[in-house]
């Protein structure tokens with residue numbers, strides 16, 4: 001593949017005192033800002049400053065019926081509404097003392113596969129790949145790589161279609177409810193989708209191959225990775241929460257160990273394990289903790305693309321996203337091939353029958369998404385807590401910025417700025433989810 | 001260089017599609033949707049009205065299937081709420097300062113340029129913008145934006161009539 005030179009070049013010697021600020025971070029969802037301060041060739045500070053008109057979903061949910069939580073929280077994020085619906089449903093079902101299994105569980109995995117595909121493909125091709133190929137945007141990239149863009153549109157369309165077939169709409173899905181769905185498809189209704197996914201598999205295989213050919217900065221770190229983990233499958237909806245630092249807890253213990261604090265420079269809350277350790281969630285974390293649960297084809301594709309048992313380079317998140325996209329295609333095909341229509345679209349749910357408090361931890365495309373609700377016996381929500389993956393990423397992104405700039409201070413300013421933006425984009429931050437508005441200003445001193 | 005694409009005109013199923021774009025839960029972002037709904041039942045035969053959340057795949061698919069398209073979306077250029085704009089995007093990009101918002105990481109202007117670059121733009125494409133002010137989740141429509149809905153719908157009605165006459169000529 002042809003690669004352009006980076007669009008920003010600068011030949012001046014780097015100053016020993018510099019402040020890199022990017023006023024408006026491009027190619028991330030929402031808005032944000034990057035601020036890095038260098039004094040006497042030493043990195044003093046690196047901050048991801050994000051702010052946006054605060055969202056008060058947690059307060060807004062109080063007093064609403066428990067059945068409304070999936071629909072209300074789905075509106076937090078236009079890219080990952082299914083993730084919010086799944087975490088909300090699982091939390092409410094725990095609060096009501098019910099568990100979903102069998103074909104309803106499979107449909108939930110299927111719909112999640114659809115969301116992973118559409119979210120990962122959008123990020124990889126439209127937001128992240130331009131960085132690696134040296135283009136300012138996907139539009140500039142499309143002029144010289146129309147085949148790649150068309151591939152992305154084909155794949156994203158399939159992801160959208162999975163969600164539409166199961167949930168009624170790809171944005172603001174309407175068919176998901178606590179207990180299951182309002183309507184479930186007949187097996188025959190899924191067959192055309194299954195055929196399209198089988199034909200689309202080659203696009204997913206090619207995507208992994210392509211991402212493996214990119215040039216990656218030499219930047220490896222030891223991260224503590226956190227993810228939902230399951231004994232028998234690559235995690236989507238269910239499992240224990242584990243970390244490479246030894247954490248192994250149920251969803252009910254999440255807030256006992258993931259401690260959030262409010263940071264002055266950001267309207268997002270920063271999370272640390274046991275109040276101390278920053279950590280990574282999302283594709284690399286999932287891969288590092290669950291690689292053996294991938295399909296054989298996905299594992300082999302990962303190996304050929306240059307991924308070993310562990311990935312420690314955040315720039316290679318684009319390869320891991322491609323591997324997860326391939327896995328999602330395969331898992332969706334498997335579920336459709338084996339699907340048996342359930343007897344009922346949902347199980348009965350009685351808000352008075354359970355413990356009243358429930359926790360849901362599922363794997364949104366960007367990482368672990370936690371919901372907790374407390375409801376009264378009539379089903380009114382008394383309390384809600386939502387911890388999105390992007391909020392959990394703030395400290396590790398800042399840490400990456402700090403370390404990356406430390407190791408790359410010889411880079412000219414313009415290239416350093418571009419690489420800093422890319423450091424943030426490695427995490428595919430969904431800034432609207434974490435309600436942060438990032439301001440990016442570049443200031444030199 | 002972009003690969004040459006065959007003439008797609010004859011394969012486009014829709015003569016003219018009017019697309020109301022937006023999120024009805026985000027204050028003035030509902031404007032595009034509401035204008036589309038105000039046009040229901042008023043357009044001549046040959047025009048189809050659809051609603052879209054603005055997803056890049058959704059919009060590119062609509063553009064690919066239409067010979068002409070009129071997209072309606074909220075704008076944010078710091079003008080008075082309710083100001084109505086009309087842009088001919090057939091040959092030129094939208095001015096970036098009018099459509100800065102996106103709740104889906106890939107805005108309207110970028111989606112149009114992407115479609116243009118890979119040869120999927122319809123023969124005629126117009127974009128109607130309605131200036132908004134408050135795009136917060138759960139916010140009501142601002143007074144200025146609400147007052148502009150009917151005026152925008154009338155403008156689009158006249159534009160659609162003209163485009164359909166040109167298409168049949």
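Considering only residues that are facing chain A (nearest Cβ under 9 Å), assigned to a helix (DSSP H, G or I) and modelled with pLDDT under 90, which ones fall in the stretch B:108-136? B:110 - this is the single residue of the stretch B:108-136 that is facing chain A (nearest Cβ under 9 Å), assigned to a helix (DSSP H, G or I) and modelled with pLDDT under 90. Criterion applied to B:152, B:74, B:105, B:139 was being away from chain A (no Cβ under 11 Å) and either at pLDDT 95 or above or assigned to a loop (DSSP other than H, G, I, E, B) (or both), and the one residue passing it is B:152. Within the stretch A:113-123, is there a residue that is closer than 17 Å to residue B:114 by Cβ, in a helix (DSSP H, G or I) and modelled with pLDDT of 95 or more? Within the stretch A:113-123, one or more residues are closer than 17 Å to residue B:114 by Cβ, in a helix (DSSP H, G or I) and modelled with pLDDT of 95 or more.
Only residues that are at the interface with another protein chain (Cβ under 8 Å from one of its Cβ atoms) and without any contact (Cβ under 8 Å) to a residue 40 or more places away in the chain were counted in the stretch B:51-70, giving 3.
The residues listed here are A:270, A:359; of these, the one that is touching a strand residue (DSSP E or B) at 6+ places or on another chain (Cβ under 6 Å) and at pLDDT below 95 is A:270. Does residue B:43 fit the bill of being within 27 Å of residue A:80 (Cβ to Cβ) and touching a strand residue (DSSP E or B) at 6+ places or on another chain (Cβ under 9 Å)? So residue B:43 fails the test.
Applying the criterion of being under 20 Å from the mean Cα position of the chain (by Cα) and assigned to a loop (DSSP other than H, G, I, E, B) to the residues of the stretch A:57-106, the residue that is farthest from the other protein chains (Cβ to nearest Cβ) is A:80.
The set of residues in the stretch B:51-83 being surrounded by fewer than 19 Cβ atoms within 10 Å (Cβ to Cβ), in contact with a helix residue (DSSP H, G or I) (Cβ under 7 Å, 6 or more places away or on another chain) and over 30 Å from residue A:154 (Cα atoms) consists of B:80 alone. If the condition is being within 14 Å of another protein chain (Cβ to nearest Cβ) and either buried (at least 21 other Cβ atoms within 10 Å of the Cβ) or more than 24 Å from residue B:118 (Cβ to Cβ) (or both), then the stretch B:33-50 contributes only B:33.
For every residue, the table says whether it meets (1) over 28 Å from residue B:109 (Cα atoms); (2) more than 12 Å from every other protein chain (Cβ to nearest Cβ).
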residue	(1), (2)
A:122	no, no
A:132	no, yes
A:141	no, no
A:145	no, no
A:177	yes, yes
A:195	yes, yes
A:199	yes, yes
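Considering A:222, A:233, A:238, which residue is in a loop (DSSP other than H, G, I, E, B), out of contact with any helix residue (DSSP H, G or I) (no Cβ under 9 Å at 6 or more places or on another chain) and in contact (Cβ under 8 Å) with a residue 40 or more places away in the chain? Matching residue, one of A:222, A:233, A:238: A:222.
For the residues A:275, A:308, the requirement of being out of contact with any helix residue (DSSP H, G or I) (no Cβ under 8 Å at 6 or more places or on another chain), modelled with pLDDT under 95 and assigned to a loop (DSSP other than H, G, I, E, B) singles out A:275. Would a scan of the stretch A:316-324 turn up a residue that is within 21 Å of residue A:247 (Cα to Cα) and buried (at least 24 other Cβ atoms within 10 Å of the Cβ)? Looking for residues that are within 21 Å of residue A:247 (Cα to Cα) and buried (at least 24 other Cβ atoms within 10 Å of the Cβ), one finds none in the stretch A:316-324, hence no.
The values are calculated or read from the model by the stated rules, or taken from the named source; none is laboratory data. In this text, all values refer to a predicted model and were calculated from it rather than measured experimentally. FYI the Cβ positions are ideal-geometry reconstructions off the backbone, even for glycines, and counts take in every protein chain you see.
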